[in-house]
Amino acid sequence: MTEDSLNRMKASYTAILPTKVYVAVKADFSESGRLIPTEITWEDGTKYEIDRVTDIRQAAAMKAGGQGDRYTVSIRGKQSYLFFERSTNLHGNNIGRWFVERKA
C-alpha cells in the first residue's frame with residue numbers, strides 16, 4: 001500500500017468520526033459559584049489533567065456545531081477549547097454536558 005493510499009484511507013476514516021465528542025470532566029465549583037474543569041477523560045479512557053483555565057465565555061463551536069460556555073484550557077502546555085453545553089431541562093440533576101471538537 002502506498003503512502004498516498006494510506007493518507008486517503010486515513011482522511012476517509014476521520015471524515016466519518018463525529019466532530020463533537022462528549023467527554024467526562026471532573027470539575028470544581030469556586031466559592032463564587034464558578035464551574036472550573038480540572039480533568040478530561042477522553043473517549044478511550046485516557047485522562048488529561050487541565051493545567052489551567054485561561055478564559056471562559058459564551059461561544060459557538062464552529063466545527064462541531066452548537067454553543068455553550070467555551071473554556072480555553074491548557075493541557076500539557078497546549079491550548080484547547082472545552083465546551084459546556086447547558087441542558088434546557090430546568091428540573092432534575094442533569095445541568096449539561098461537556099464536549100470538545102475533534103481535531104482532524
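For the stretch 34-77, the candidate set comprises residues that are of a type in the set (Ser, Thr, Tyr) and under 18 Å from Ile95 (Cα atoms); within that set, the residue that is surrounded by the most Cβ atoms within 10 Å (Cβ to Cβ) is Tyr71. Pairs linking a residue in the stretch 61-72 that is over 11 Å from Trp98 (Cβ atoms) to a residue that is among the β-branched types (Val, Ile, Thr) and in a loop (DSSP other than H, G, I, E, B), with Cβ atoms under 9 Å and 6 or more positions apart or on different chains, are Ala61/Thr19; Lys63/Thr19; Ala64/Thr19; Gly65/Thr19.
No value in this document is a laboratory result; all are computed from the given coordinates. None of the values given here were measured: they were computed from a predicted structure. Positions of Cβ are generated from backbone atoms using ideal geometry, with glycine treated the same way; all protein chains shown enter the neighbour counts.
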